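Below is one structure, written out as structure tokens; comments come after it.
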Amino acid sequence: MSRSSGVLDASDVVVRSGLRVTSLERTVVDCARSSSAVSGLVVADAALRRGVDPDSLRARLQDLGPARGVRIARAVIDLADGGAESPWESATRLVLVGAGLPRPSTQVRVVTRLGAFRTDLGWEDWKVAVEFDGLVKYTTLAAGDPGRVIFEEKRRHDAIVEAGWRVVRATREDVQPSNSLRERVQRLLPVGAQCPLRPAPHLLQGF
């Protein structure tokens, strides 16, 4: 049976705890079609992190034909990346790409005098990284010692900068569909770096 009608195919249904539910792949596609791009990307990133094959998601979209929401869903799934470790990292990447910057890599490895670290997002050619700073890092995850976490984060940040990287630190207030975060990244680009902007405003609708 074709999925283009919106009717579930047999492969779209699985049994979990005795209940018939839509498969993870079908759920991702439905969320990407019916939700805002940022919500769809959070779901798609999490699914890829769990091992879902992005090609299987694209195949399901192909079967849907010109159904409502397929265009934005295709853009979301093309942007999906299992390297995003939190919803806010997903949202930050979406804002940067929506503002026209080239797609950043996730979990970029940086070798420093203190060892190798991974930054949330970055462009290796430019040696520019974007780190999302969530309050949970300094509270819930601090195991009762936020001072130690702040100290270690400062040492890590300084080591990355000493390795020749420029770092933009963003909080949830910065992750908005405006140009401010993009401008902060552009200001850190090396002299002579070419960065043709290709805005994708459709990704920021309903943000």
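The values are calculated or read from the model by the stated rules, or taken from the named source; none is laboratory data. From a predicted model like this one, the values you see are computed outputs, not experimental measurements. As a convention, Cβ positions derive from the backbone with ideal geometry for all residues, glycine included, and neighbour counts pool all protein chains shown. The accessibility values were calculated without ligands, DNA or RNA, using every heavy atom of the protein model including side chains. Shrake-Rupley method; radii C 1.70, N 1.55, O 1.52, S 1.80 Å.
Per residue, the average separation of C-alpha pairs within less than 8 Å and at least 6 apart gives region 122-207 a relative contact order of 35 percent. The trypsin sites (Lys or Arg not before Pro) found in region 40-138 that occupy coil by DSSP, while having at most 16 further C-beta atoms within 10 Å, are Arg50, Arg68, Arg113. Solvent-accessible surface of the chain, taken per residue with a 1.4 Å probe and all protein chains present: 53 Å². Pair-distance distribution of region 53-207: all C-alpha pairs, bin width 5 Å, starting at 0; shares per bin in whole percent are 1, 8, 16, 18, 19, 14, 10, 7, 3, 2, 0.
Which residue fluctuates the most in the chain, going by a Gaussian network model with Cα springs under 10 Å, if the choices are Asp120, Asp174, Asp63? It is Asp63. Surface composition of region 48-163: carbon and sulfur make up 52 percent of the accessible area, probe 1.4 Å. The charge dipole of the chain, taken about its Cα centre with unit charges on the Cβ atoms of Lys, Arg (+1), Asp and Glu (-1) only, comes to about 160 debye.
In plain terms, the C-alpha convex hull of region 122-207 casts an average shadow of 7.1 nm² when viewed from every direction. Under the criterion of Cα pairs below 8 Å and six or more residues apart, the relative contact order for the chain equals 21 percent. Across region 120-125, rounded Karplus estimates of 3J(HN,Hα) from the backbone phi angles (6.51 cos²θ - 1.76 cosθ + 1.60, θ = phi - 60°) give 4, 9, x, 10, 5, 4 Hz, Gly and Pro being marked x.
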